[in-house]
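Data block below; observations after.
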Amino acid sequence: MTAIGLQARAGATTGGYALSSEDLRRTAVATLVRNWRGRSTVPTPSLYPHQWSWDSAFNAVGWAHVSPRRAWTELSALLGAQWRDGRVPQIVFDPAVAEDAYFPGPWFWRPLPADGPPRGVVTSGLVQPPVHAGAALTVARRSPGPESAAALRRLYPRLVRWHDYLWSRRRAPEVGLVAIVHPWESGLDNSPTWDAPLRAVPARNVTEVAGHRRDLLHAGSAHRPTHDDYARYVLLVRDYRDGGYRDTHHSLRFYVVDPLMNAVLAWSERALAAIARIVGADPQPHLDRAREITQLMQEHLWSPAAGCFTAMDALTGAPIRTRTVGGLAPLLLPDLDAAIRETLVATLTGPAFGLGDGVRGVPSYDLTAPDLDRQRYWRGPTWASTNWLVWQGLQTAERHDLAGRLAADMVGLVAAAGLREYFDPITGAGLGGTDFTWTAAVLLDMLPPPSAATATNPIQIGP
């Protein structure tokens, strides 16, 4: 783990009090423990009271530092809700939580199809980026031993089925890359990248949708998607649900090839290759698929003008030339063309994202764009989850200097603003939900190693 500059930045000051790395570590662990629900960790109790797919992957990486058993329980609980068709659902609903505690809640996704989740399990029908195999390998490397080896043997077949679902059911015919059927599947829910494709989706029943929104009870409207956007999101879910969650693209209103989704899939395929070696399976199919995805991304999604990878509307074939943090995610891929990698790093450190030039972390959207909104959900703020992916990518690219700077930025953000859902990339102000689990989890992974005193007196939280 790169730790250049972390010690200096971890002593960031808030209200006149310096927070040491050990203070931050204990705060992060306390947040994980507080948000633990026995088999998984909620993102934050008030705003997101269920289990979310890619959140759980990041959460597991954090748990690996203090309770590997909880890390494996988290991933096992999520994959235990896997649909019979192989998909890993975006949300696994907690039956102990009231149906109206989150919108759209369990009732909205019914009926679930025959090839849906196991009996008695209620989930959403969408997916999120497949970070799970990459996270599982990271957990195993952070906490090696028999328990991790046994967990990998249990989870490997489910992870293979999950990737096979994406590769067999979600590939856009024109380019051969995986497409998303809803902005929520990208993880970057409200990104400006989706504005153009969403314009073809009518904003129906805006008043009805506005009346259901629970998120505005916990976060300011200036920080969240608009009512019109939410109405479009709900209509897309209704269409997909009423169509039996079938992935036939000609029946969909939204069908977009997303660079983050595909980069993460290729990265996780490489992780599956490493896991396959551990469990005695053949790694070659995973390596072949990872290489194919990388090549197809370079052919179809690379934009020299933007200096990063960009999305494509697979219904119209039109490129979507927005610069977002998702377009930097291919730094994760070791077989990326060297010139493309150098250009990505230049874009990351240039005016659009400003790493190393006074910007706090990597913002979610181009800082030079006229529609930048530094406080609104995915339209400018810095997020811990995507920063962790870029941090991993910089290490793959052997830019350890920049990886160290990025880790220091994230530590400094939390030291000054707390474990927030996201942050203003210029002022560092904390935004969205508080006591946010994946921010705590990522922080644990990006902090410098514990001191000798902490190592001999580790934080104890039970199994």
Checklist line | Answer residue from the range 22-68, given it is touching a strand residue (DSSP E or B) at 6+ places or on another chain (Cβ under 7 Å) and among the aliphatic types (A, V, I, L, M) and is surrounded by the most Cβ atoms within 10 Å (Cβ to Cβ) among those | finding: LEU32
Next item on the list: Tell me, please, whether a residue that is part of a strand (DSSP E or B) and either in contact with an Asp or Glu (Cβ under 7 Å, 6 or more places away or on another chain) or touching a residue at least 12 places away in the same chain (Cβ under 8 Å) (or both) can be found in the range 321-331.
Entry: yes
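Just a yes or no: is a residue in the range 177-187 modelled with pLDDT under 85 and either in contact with a strand residue (DSSP E or B) (Cβ under 7 Å, 6 or more places away or on another chain) or over 13 Å from ARG253 (Cα atoms) (or both)?
In the first step, residues of the range 177-187 are kept if they are modelled with pLDDT under 85; the result is none.
No - not one qualifying residue is present in the range 177-187.
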Check: Does VAL325 satisfy being under 30 Å from THR226 (Cα atoms), surrounded by fewer than 22 Cβ atoms within 10 Å (Cβ to Cβ) and either at pLDDT 95 or above or out of contact with any strand residue (DSSP E or B) (no Cβ under 8 Å at 6 or more places or on another chain) (or both)?
Finding: no
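Is it the case that the range 153-171 has a residue that's in a loop (DSSP other than H, G, I, E, B), modelled with pLDDT of 95 or more and either over 24 Å from PRO117 (Cβ atoms) or not β-branched (Val, Ile, Thr) (or both)? Working first, answer last.
Residues of the range 153-171 that are in a loop (DSSP other than H, G, I, E, B), as a first pass: 170.
Filter once more, keeping what is modelled with pLDDT of 95 or more: 170.
Now restrict to residues that are either over 24 Å from PRO117 (Cβ atoms) or not β-branched (Val, Ile, Thr) (or both): 170.
There is at least one residue in the range 153-171 that is in a loop (DSSP other than H, G, I, E, B), modelled with pLDDT of 95 or more and either over 24 Å from PRO117 (Cβ atoms) or not β-branched (Val, Ile, Thr) (or both).
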Next item on the list: Provide a single number: the residues in the range 82-123 that are hydrophobic (A, V, I, L, M, F, W, C), part of a loop (DSSP other than H, G, I, E, B) and buried (at least 22 other Cβ atoms within 10 Å of the Cβ).
Entry: 3
Check: Would the range 361-379 turn up any residue that is β-branched (Val, Ile, Thr) and surrounded by fewer than 22 Cβ atoms within 10 Å (Cβ to Cβ)?
Finding: yes
Note to self: Looking only at the range 285-315, count every residue that is of a type in the set (A, V, I, L, M, F, W, C), outside any helix (DSSP H, G or I) and either free of Cβ contacts under 8 Å to residues at least 24 places away in the same chain or within 25 Å of PRO351 (Cα to Cα) (or both) and tell me the total.
What the structure shows: 8
Notebook entry, point to check: Could you say whether any residue in the range 197-213 is under 19 Å from SER364 (Cβ atoms) and either at pLDDT 85 or above or buried (at least 22 other Cβ atoms within 10 Å of the Cβ) (or both)?
Noted result: yes
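From the list THR382, THR343, THR347, exactly one residue is on the phi < 0 side of the Ramachandran plot, among the β-branched types (Val, Ile, Thr) and buried (at least 24 other Cβ atoms within 10 Å of the Cβ). Which is it?
THR382
May I ask you to verify whether ILE293 is under 22 Å from the mean Cα position of the chain (by Cα), closer than 18 Å to ARG141 by Cβ and at pLDDT 95 or above? Even if it seems obvious, please write down each step before you answer.
On the way: under 22 Å from the mean Cα position of the chain (by Cα): yes; closer than 18 Å to ARG141 by Cβ: no; at pLDDT 95 or above: yes.
In short, no.
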Margin query: Quick check on THR316: is it crowded, with 23+ Cβ neighbours inside 10 Å and of a type in the set (S, T, N, Q)?
Written below: no
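The values are calculated or read from the model by the stated rules, or taken from the named source; none is laboratory data. A quick note: this is a predicted structure, and the numbers were derived from the prediction, not measured. Cβ coordinates were reconstructed from backbone atoms using ideal geometry, including for glycine residues, and neighbour counts include every protein chain displayed.
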